2 protein chains.
Amino acid sequence: MDSTKNTEETAINIPESKSTKGKHVVYTATPHHQAGWKRGVGIFDFILRICALVAALAATTTMGTTDQTLPFFTQFFQFQASYDDLPTFMFFVVANGIASGYLVLSLPFSIVGIVRPHAAGIKLLLLILDTVLVAFTTAAAAAAAAIVYLAHNGNSNTNWLAICQQFTDFCQRVSGAVVASFIAAAIFIFLVVLSAVALRRH
Amino acid sequence: MDSTKNTEETAINIPESKSTKGKHVVYTATPHHQAGWKRGVGIFDFILRICALVAALAATTTMGTTDQTLPFFTQFFQFQASYDDLPTFMFFVVANGIASGYLVLSLPFSIVGIVRPHAAGIKLLLLILDTVLVAFTTAAAAAAAAIVYLAHNGNSNTNWLAICQQFTDFCQRVSGAVVASFIAAAIFIFLVVLSAVALRRH
């Protein structure tokens, strides 16, 4: 009785495991391919975020540490240019600092997007926040660019004189910071497009 | 003969039409609900685009027609302020003009999104272009805002004097244009979020 029961059991068990194995392979073929594509997008997203972080940090620190003192001075005061002389440059430092902080905080979510490629909610959240940050970093970069342009060229109509003839080093560093911030904004736009394409293929 | 055929036909026809009607209702219950939701989003998208168009056009025309001549003049020239005195304001007019043009061109695509709610490709295209326009309008508004701030307050460190004490009307109109452009940028951000949510539910 016992032996027949055993053989029956094994006889039943073997085809069962085979069929489930076969089914498993057939069933998950397409999702696996999709998941691989999504994982690639997730890794690309993570790399882009690190690039944007580098750009935003470079913009913040370059602008924040810019401070030039001219080698000559009058009886009353020494000529000095610093980023906190202009409110626009202070906004630039704050905005790029916030962008850097956001990028650091978004890295774990980006990793979750790699590990669990089908988590659409996280992608949507990152897309919305990235869009806000596009506006934020672009505003900072454009406002600073307008002031830097004025500092380089001046404006005869409003009688604002160019200050870059004196503060050459200051203007160069500030221009570099503006370019870094524009690069960060461009990467944010690319991140939004990437998330949108990934969301569409869901 | 004819009468029986007629009654047979009616007898057959009635249950057939009933069954197809019943099947139709059961089959399309969920998609119809989805399509209705998507159509609502599409109509909201269309209304938002018209609002953004009004804001962008208001920004363009307000800035473009701003031209103030002061009632006093010296021997050599009359004091006059116009938007084309400052390159930033010219960029502002061009950028908001392009945004208005894009919004007009995007309206037909938005209507296609209402008529065919499942056309994901159009939504994705609009989302990507809207994101670029977020950066564009924000850049114009922020750059103009930086200059307007300078015109209002001046800057003692760089020896740039405030010009709004003289050109009161000019400064008021320009400030209004900047606010309109920021509103357009905010609507663009909202349009991107709306498209992303609609794409997610695809």
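The values are calculated or read from the model by the stated rules, or taken from the named source; none is laboratory data. Quick caveat, the model's predicted, so the values are computed rather than measured. Cβ sites come from the backbone with ideal geometry, for glycine too, and all protein chains shown count toward neighbours. Each accessible area value is taken on the protein alone, full model and side chains, heavy atoms only, with ligands, DNA and RNA left out. Shrake-Rupley method; radii C 1.70, N 1.55, O 1.52, S 1.80 Å.
Only a single criterion out of (1) closer than 21 Å to A:THR137 by Cα; (2) without any contact (Cβ under 8 Å) to a residue 40 or more places away in the chain is not satisfied by B:CYS171, namely (1). Among residues of region B:112-127 that are over 14 Å from A:ARG201 (Cβ atoms), those with a Cβ under 9 angstrom from a residue that is open to solvent by less than 20 Å² (accessible area, probe 1.4 Å) and of a type in the set (Lys, Arg), sequence gap 6+ or separate chain, pair up as B:GLY113/B:LYS38; B:ILE114/B:LYS38; B:PRO117/B:LYS38; B:HIS118/B:LYS38. Going by what's in this entry, would B:ALA142 be described as more than 14 Å from B:VAL179 (Cβ to Cβ) and at the interface with chain A (Cβ under 7 Å from one of its Cβ atoms)? No: the conditions fail for B:ALA142. The condition (being within 11 Å of chain A (Cβ to nearest Cβ), part of a helix (DSSP H, G or I) and surrounded by 22 or more Cβ atoms within 10 Å (Cβ to Cβ)) is satisfied by just one residue among B:ALA186, B:ALA151, B:ALA177: B:ALA151.
Only a single item in (1) open to solvent by 80 Å² or more (accessible area, probe 1.4 Å); (2) modelled with pLDDT of 90 or more is not met by B:ALA52, and it is number (1).
I'd like to know if region A:119-133 contains one or more residues that are under 14 Å from A:VAL174 (Cβ atoms) and within 8 Å of another protein chain (Cβ to nearest Cβ).
No, region A:119-133 has no match at all.
Annotation note: of A:ALA99, A:ALA135, A:ALA143, A:ALA95, the sole residue that is open to solvent by 10 Å² or more (accessible area, probe 1.4 Å) and not β-branched (Val, Ile, Thr) is A:ALA135.
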